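**Q** Quick one: the structure is below, questions incoming.
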Amino acid sequence: QSGLNVLGISTAFEDFEYNTAANTELLLTEMKLVGATRQALGEFYSQAIHFPVAVDQLTTGTLLATLENTEVLTETIPGFDHLPKSEQAILRQKVNAYLQRYAKTSATFTLNHLLGTPTFLLVDQNLQLLDGWFGYTPEAAVIERIEKHLCTFKRVTQELCK
């Protein structure tokens, strides 16, 4: 009723051999962990996951280094549009070289500058980023951040936003 939806993304920044759809399915159906996560947390995850989870696309930096992705990334550089064309071209080359250095990478992870896991991103219905943070966050703090943004949606009752 609030318009809020949750989506998990199974992604990797290391141990790419473990970031597979099959291992994500093991986590979701049997709560089994693999790789470094298993070493850190044990054989099983302790909480059921009750929201959809997508699997990030494993790729290479060479495949990610497209003109479109380079443009998307340069748009995130503050003041990029106000730089001289020659400096913009140099930055595009640097972004392209940055992407190409990855022998293996996850597309969503790399193109969105994620720092690791867990990363939380709150986006609106137009996929505009509202808020984001990295690292363990107590449940109450997550709820507070979500409620702050829910108050901007028309479908939320005034009681929640007081």
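Nothing in this text is a laboratory measurement; each read-out follows from the coordinates by a stated rule. Here the structure is a predicted model, which means the values were calculated and not measured. Cβ sites come from the backbone with ideal geometry, for glycine too, and all protein chains shown count toward neighbours.
**Q** Which length gain, in nm to one decimal place, applies between residue 107 and residue 25 when the Cα-Cα distance is subtracted from 0.36 nm times their residue separation? Before the final figure, lay out the partial values.
**A** Details: separation 82, 0.36 × 82 = 29.52 nm, distance 1.95 nm.
In short, 27.6 nm is gained.
**Q** With +1 assigned to the C-beta of every Lys and Arg and -1 to the C-beta of every Asp and Glu, and no other charges, what is the dipole magnitude of the chain about the Cα centre in debye, to the nearest 20? Walk me through the numbers on the way to the answer.
**A** Numbers: 12 positive and 18 negative charges, 47 e Å.
With Lys and Arg at +1 and Asp and Glu at -1, about 220 debye.
**Q** Out of the GluC sites (Glu not before Pro) in the stretch 31-100, which ones are loop residues according to DSSP with at most 15 other C-beta atoms within 10 Å?
**A** Numbers: sites: 43, 68, 71, 75, 87; in loops: 43, 75.
Qualifying residues, ordered by number: 43, 75.
**Q** If you don't mind, another one. Mind checking the stretch 1-103 for trypsin sites (Lys or Arg not before Pro) that DSSP puts in a loop (not H, G, I, E or B) and that have at most 16 other Cβ atoms within 10 Å?
**A** Passing sites in the stretch 1-103 are 101.
**Q** Take residue 128, project a point 7 Å from its Cα along the Cβ direction, then tell me which residues of the stretch 72-100 have their backbone nitrogen under 11 Å from it.
**A** none
**Q** Report the chymotrypsin sites (Phe, Trp or Tyr not before Pro) located in the stretch 66-136 that are in a DSSP loop and have at most 14 other Cβ atoms inside 10 Å of their Cβ, or state none.
**A** Working: sites: 80, 98, 102, 109, 120, 133, 134, 136; in loops: 102, 136.
Counting only loop positions with at most 14 other Cβ atoms within 10 Å, the chymotrypsin sites (Phe, Trp or Tyr not before Pro) in the stretch 66-136 are 136.
**Q** Relative contact order (percent) for the chain, with alpha-carbon contacts under 8 angstrom and 6 or more residues of separation?
**A** It rounds to 24 percent for the chain.
**Q** Calculate, axis by axis, the spread of Cα positions in the chain along the three principal axes, and write the results as whole Å, longest axis first.
**A** Extents along the principal axes, in whole Å: 51, 44, 21.
**Q** How big is the charge dipole of the stretch 31-114 about its Cα centre, in debye rounded to the nearest 20, if each Lys and Arg gets +1 on its Cβ and each Asp and Glu gets -1 on its Cβ?
**A** 320
**Q** Which of 57, 125, 93 moves the most in a Gaussian network model of the chain with Cα springs under 10 Å?
**A** Maximum among the listed residues: 125.
**Q** Also, I was wondering about something else. Taking a label point 7 Å from the Cα of residue 89 along the Cα→Cβ vector, which residues of the stretch 49-69 have an amide N closer than 20 Å to it?
**A** 66-69
**Q** Tell me which of 9, 77, 52 sits at the most positive position along the dipole axis of the stretch 3-162, charges placed on C-beta atoms (Lys, Arg +1; Asp, Glu -1).
**A** With unit charges placed on the Cβ atoms, the residue in question is 77.
**Q** How long is the gain from residue 39 to residue 136 if the chain were fully straight, where each residue apart is worth 0.36 nm and the alpha carbon distance is subtracted?
**A** Values: separation 97, 0.36 × 97 = 34.92 nm, distance 1.79 nm.
Going from the current span to full extension adds 33.1 nm.
**Q** Continuing with this model, one more query. What length, rounded to one decimal in nm, is gained on full extension from residue 77 through to residue 152, with 0.36 nm per residue of separation minus their alpha-carbon distance?
**A** 24.3 nm
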